[in-house]
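**Student:** The structure that follows is given in the form of structure tokens.
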Amino acid sequence: MSEIRNKDIVLLTIDGELKDLAAAYPEEAEIKEINFLSEEAREVYNHSGSHLLAHAVTELFPGARYGIGPAIEDGFYYDFLTEEPFTPEDLEAISKKMKFLVKQNIPVERVIWDKQKAIDYFTSKGQNLKVELIAEKVEGEEVSLYRQGDFVDLCRGPHLPATRYLKHFKLLSVAASYWKGDEKNHSMQRIYGVAFPTAEELNEHLKRLKEAQARDHRRLGTELDLFSIRNDIGAGLVLWHPKGSIIKYEIEKYWYEEHLKNGYELLNTPHIAKSDLWNTSGHNEFYKESMFTPIEFDNTEYQLKPMNCPFHINIYQSRNRSYREMPIKWAELGTVYRYERSGVLHGLMRVRGFTQDDAHIFCTPAGLEKEVEELIEFSLRMLKTFGFTELDVYLSTRPEKYVGELEDWEMATAALRTSLEKCNVPYEIDQGEGVFYGPKIDIKVKDVLKRSWQCTTIQIDFNLPKRFNLKYSDDQGEISRPIMIHRAVLGSLERFFGVLIEHYGGFFPTWLAPIQVIVIPITDRNTDYAKSIYDTLNAHSIRVELEQRNEGIGKKIRDAEVKKTPYIIIVGDEEEKEKNISFRIHKKGDQGKKSLDDFMDKVKKIIMEKNSYYEI
């Protein structure tokens, strides 16, 4: 088959060069004008960067085999199979080679080869990983590839038309990975990078990365003594330290209070169940790879629960139900266990044991829209309390493979859409991205660095009510099947806790702070007065710590600031004589003097209102 050259080249509107690019490819290129602000354009830029990276690596390390190199949310990566791990010096050399290739202004061409020709080519180059991908992924007899100079890669594209448009890139790090994400396969070297059209945009991104590193919940979790994950306990299993536990307690306490106020009943369910339950629910059929190996005792097989919903369904089935009971709203902070591959575990963000902020609502078809509307308002209110007001909301519609009747899907999707519009919530349609058992709403929060984190999900389920044959008596005395809504507001508490750490940089709002006030006596003779202040605050349920180390006052204050404690009380001879306090606010410095009663009343008000505003 003859080659088809330069199809699907994307020309970005960068630095006013679109006209020049169009002139350079008048007939061969299919020109598509997009702006770099769009997600599509960022993906093209970063994917072109990954090919530039692989080009440089294969020239510098001829024996390296290259695997896959996609664009990701914040850049790109490429996986390589090498005899030795890449060193920092190697990354520097690779970066220099990439810059050299950029200066060469090598054209980027799309070519279509016969499948066998592609297999023969990569076999001759010793690139057996590419041969494996062609055999597994390519349907039909034609293969789409991109070529720049001597470098050829499997790719559907599109790409930038030449290497000269990739001047502003940065290689960020190297990490271990596994071929196809499976630890049973080859151990690979993954190089991460990012590319931008201008130096200014690259520098701004690198500043954000530096700020993100300073807010990394894993580092702050250790520094602030909040949690740990230890290999001798098990990967992905969290140990909550006292300070982390008190924050988790405050989150859970607020969660319970809000659910009880909003008509939910609380459930508690076991951590394991017979395998028969997971067969009925379909988890052993559709979710088995994410479940832990069964445990057998008393000649019966049990499994750790990956989800809470089958237990809630069994409680529903414990007696006959009537439309008069609807809606039934059940909530549980249930610990679940999922087998995540070691390569994807990441601090609190991806773990193997976590507490799910879970609820299930059983309602009639007529009551669906009202329940969804209340769920949206409830979710937004809870997220706002934690400081999240910038949101991305998505309505995910029916996928190609689905269960249930088409009319049910249309009814449920319409209910979700109408509820979002009634609540005046802007949203985007995520076409075909609903789960197989029903459409859903996803709410992602944006942190202070404008990063998006998945939190709330509201899912309509047609599958489990049918699999478990759920019933209720309707207002005509007929047997009907309820609609089931799966709902999480915060999602995994572990992941949400990690998001909170990074959003606040470890400086939590007063109501969440593990220690809300530190009391520091200036000299030993002021210790008794400081202790009386500690006792008073403690008696009023303010979390307080008394600093009694034999250190200078300057070091004590600095250490309190490092702990990110909202308020620091300092008392010396003058304060003791006047029966008042001097105090500081974290990051704001000295605030002068106040009576203890005035200070305490205002702190209590801030805690009660769950206010992140620290002025008192």
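The values are calculated or read from the model by the stated rules, or taken from the named source; none is laboratory data. Keep in mind it's a predicted model, so treat the numbers as computed, not measured. Here the Cβ positions follow ideal geometry from the backbone for every residue, glycine too, while neighbour counts run over all protein chains shown. For the accessible areas, the whole protein counts, side chains as well, though only heavy atoms, and no ligand, DNA or RNA atoms are used. Shrake-Rupley method; radii C 1.70, N 1.55, O 1.52, S 1.80 Å.
**Student:** Scan segment 483-535 for residues that are open to solvent by less than 10 Å² (accessible area, probe 1.4 Å), in a helix (DSSP H, G or I) and small (Gly, Ala, Ser) and report the count.
**Tutor:** Of the residues in that region, 2 qualify.
**Student:** Further question on the same structure: Could you tell me which residue of segment 37-57 is surrounded by the most Cβ atoms within 10 Å (Cβ to Cβ), considering only residues that are out of contact with any Leu (no Cβ under 8 Å at 6 or more places or on another chain) and of a type in the set (Ser, Thr, Tyr)?
**Tutor:** For segment 37-57, the residue satisfying everything is SER50.
**Student:** Hey, can you tell me all the residues within segment 403-414 that are touching a strand residue (DSSP E or B) at 6+ places or on another chain (Cβ under 8 Å) and either open to solvent by 80 Å² or more (accessible area, probe 1.4 Å) or among the hydrophobic types (A, V, I, L, M, F, W, C) (or both)?
**Tutor:** Within segment 403-414, TRP409, ALA412 meet the criteria.
**Student:** Working only within segment 418-439, note down all residues that are open to solvent by 30 Å² or more (accessible area, probe 1.4 Å) and either part of a strand (DSSP E or B) or out of contact with any strand residue (DSSP E or B) (no Cβ under 6 Å at 6 or more places or on another chain) (or both).
**Tutor:** Once the filter is applied, which keeps residues that are open to solvent by 30 Å² or more (accessible area, probe 1.4 Å) and either part of a strand (DSSP E or B) or out of contact with any strand residue (DSSP E or B) (no Cβ under 6 Å at 6 or more places or on another chain) (or both), segment 418-439 yields THR418, GLU421, LYS422, ASN424, PRO426, GLU428, ILE429, ASP430, GLN431, VAL435, PHE436.
**Student:** Identify, by number, the condition in (1) out of contact with any Gly (no Cβ under 8 Å at 6 or more places or on another chain); (2) at positive phi; (3) not hydroxyl-bearing (Ser, Thr, Tyr) that GLN189 doesn't meet.
**Tutor:** (2)
**Student:** What about ILE272, is it touching a residue at least 12 places away in the same chain (Cβ under 8 Å), under 26 Å from the mean Cα position of the chain (by Cα) and either on the phi < 0 side of the Ramachandran plot or open to solvent by 80 Å² or more (accessible area, probe 1.4 Å) (or both)?
**Tutor:** no
**Student:** Return the pair list, or none, for Cβ contacts closer than 9 Å from residues in segment 380-392 that are buried (at least 19 other Cβ atoms within 10 Å of the Cβ) to residues that are among the acidic types (Asp, Glu) and modelled with pLDDT of 95 or more, at least 6 apart or on different chains.
**Tutor:** Cβ pairs passing all conditions: MET382/GLU258.
**Student:** Considering each residue of segment 400-413, count those that are modelled with pLDDT of 90 or more and farther than 19 Å from ARG481 by Cβ, and give that number.
**Tutor:** 0
**Student:** Which pairs have Cβ atoms under 9 Å, sit 6 or more apart or on different chains, and link a residue in segment 77-89 that is under 16 Å from LEU172 (Cα atoms) to one that is among the aromatic types (Phe, Trp, Tyr) and outside any loop (DSSP other than H, G, I, E, B)?
**Tutor:** TYR77/TYR192; TYR78/TYR66; TYR78/TYR192; ASP79/TYR66; ASP79/TYR178; ASP79/TRP179; PHE80/TYR66; PHE86/PHE80
**Student:** State all residues of segment 172-201 that are more than 23 Å from GLU132 (Cα to Cα) and more than 23 Å from the chain's Cα centre (by Cα); if no residue qualifies, say none.
**Tutor:** Correct list: PHE196, PRO197, THR198, ALA199, GLU200, GLU201.
**Student:** For segment 541-616, give me every one of the helices (runs of 4 or more DSSP H) that falls completely inside it and has 3 or more residues that are of a type outside the set (D, E, K, R) and closer than 26 Å to TYR254 by Cα.
**Tutor:** 596-608
**Student:** Answer with yes or no whether LYS253 is surrounded by fewer than 16 Cβ atoms within 10 Å (Cβ to Cβ) and more than 24 Å from the chain's Cα centre (by Cα).
**Tutor:** Answer is no for this residue.
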